[in-house]
Amino acid sequence: MGALPEPQGKQREVVYLTAQGHLVVLGTAGSGKTTMAVHRARYLSEAPGIGGRTLLVTFNRALVTYLRSLGAQSPLLTVENYHLFARGYLRYATGQHVSICSSKQVLVEKALVEVRNTTQRAVASRPLGFFMDELHWMAGHGVTREDAYLNGARRVGRGTALAPADRRVVYDVYRRYIELRAQAGYSQDWDDLASVVLATLKADTTARRYKHVVVDEGQDFTPEMIRSLSAAIPAGGSLSFFGDYAQQIYGSRMSWRSLGLTVPKQVEFEQNYRNSRQIAELAQAISDMPHFRDEVDLVQPKAPTADGPQPTIVTAPTKAEQLRRAAEFANGLAADRQVAVLMRTREHEGALLRHLDKRHRISRLHKDLTTWPHGPGVYYGTYSAAKGLEFDAVILPLCDADELPKTSEIESHGLEEAKSREARQLYVAVTRARADLVIMRSGTLTPLLPDETSDLFLRLKS
């Protein structure tokens, strides 16, 4: 990770497309979406006659730091994550501090306990995570009325649709949560902040701050977030959306067609400029598995021509030994390469860190990373924290069947839906690697990966 690459061929065309209206650019992993987003944001902020204040917005706060390090800087260019933009706008529009309810899970759990005492429907016994996800979906799509939820459109990417009687139970939980939240003194939480912004913008007749908005990693924004960003530009402005729905990892999946954008034709990028042919073939095999396929907008990639080693599966006797070996691999590569050790959760980061050689630069990927470290070294964090980034080598310990998919995801959503969600997380992790990929396990390999006996892998025992 370093200097911003120059756009190539069709990428260059996208950078300089019309500066009015809506643009949707979908690309496979490694197709240069972030490169195009940064170049387009700079162009829109600087171009004589059509330029103006431009917002480059992404979902992940660590990615904001990375974008700035790539050169996403200009006097008229602002780089922020969505929630910082939203709170800043509301503070400006209302003249008041914006208070956000940060105890949503506690209040939803309390509401769920109360509703369980009033119904015999089996859906009420579902885990808290199921209800949190459903309320997240409702807020993300701007669904607040009972009739809209009970008779609403079918959810893209959902396994089995909820029966109307079950939706009524979910809505009762939602209604009680809103009451409890109001009693606690809050009118919004992080999930429905976008709806508040959208409603405020619709009533706001003052001049817009930004003429252009560029969205990077757009697949992780809810429809309400994109609608609010669209409402944040003036009549002669533009919104450019860059995304890859194969990498959609935050909540339920959706199509860009639900975002309310007016786009005659989407632009697609199939060429993978990042991954070696071997890593790209594995990524394609993951996305071709039955649990991965659904109705979201996936771009079929063209195979890269750059050769590299096969992804390697390493078997270690214990999970603790996996972490030690992962650190050992990273220590051996970090002298002249950027290497990332990625895990599904942060649970084992401390154990990993104890084995990393402190003579190398070690960087934890997290939301409070304010300065981007350049040059060789070790990065470590979760799959989602590595979103939008790339490394020379990636090491993935704990790819065991009892680790992926997560038990909590299975309990909340059922096995098939959990596999679909978790496979996208793993897809993101795999496609962060340019050339070297090491996958580790102690027991049975996760079913989210293709058959380990296929020619996609090299297998080693520690």
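The values are calculated or read from the model by the stated rules, or taken from the named source; none is laboratory data. Every value quoted in this text rests on a predicted model; they were computed, and no experiment measured them. When we count neighbours, we look across all protein chains shown, and the Cβ atoms used for this are built from the backbone with ideal geometry, even at glycine. Each accessible area value is taken on the protein alone, full model and side chains, heavy atoms only, with ligands, DNA and RNA left out. Shrake-Rupley method; radii C 1.70, N 1.55, O 1.52, S 1.80 Å.
A few points about this structure:
- A straight chain from residue 17 to residue 163 at 0.36 nm per residue would run longer than the Cα-Cα distance by 48.1 nm.
- Grouping the Cα pair distances of the chain into 10 Å bins from zero gives a pair-distance distribution of 4, 20, 29, 27, 16, 4, 0 percent in increasing distance order.
- Cα shape, segment 337-432, gyration tensor, a/c 1.5 rule: prolate
- Sites residue 119 and residue 150, calculated FRET efficiency, Cβ-Cβ separation with R0 22 Å, nearest 0.05: 0.90
- Gain in span if fully extended, residue 368 to residue 268, counting 0.36 nm per residue against the direct Cα distance: 32.7 nm
- In the assembled protein chains, residue 92 presents an accessible area of approximately 150 Å² (probe radius 1.4 Å).
- Cα-based Rg and Dmax for segment 38-187, where Dmax is the largest Cα-Cα distance (Å): 20.4, 65
- Whole-percent P(r), segment 99-222, all Cα pairs, 10 Å bins from 0: 11, 39, 32, 14, 4, 0.
- For segment 288-402, the per residue solvent-accessible surface stands at 43 Å², with DNA, RNA and ligands left out and a 1.4 Å probe.
- Packing, taken as the mean count of other beta carbons within 10 Å per residue, orders the peptides 179-192, 381-394 from highest to lowest as 381-394, 179-192.
- Shape of segment 31-105, Cα gyration tensor, a/c cut at 1.5: oblate
- Each label was represented as a point 7 Å from its Cα along the Cα-to-Cβ direction; for residue 50 and residue 99 these points are 4.6 nm apart.
- Segment 308-462, relative contact order [Cα under 8 Å, separation at least 6], %: 37
- Residues of segment 33-61 with amide N under 16 Å of a point placed 7 Å along Cα→Cβ from residue 306: 33-36
- Only Cα sites of segment 301-347 enter the Debye sum here, all with the same form factor; the resulting log10 I(q)/I(0) across q = 0.27 1/Å is -1.15, listed in q order.
- The loop-placed trypsin sites (Lys or Arg not before Pro) in segment 315-347, going by DSSP, that have at most 16 neighbouring Cβ atoms within 10 Å of their Cβ come out as 346.
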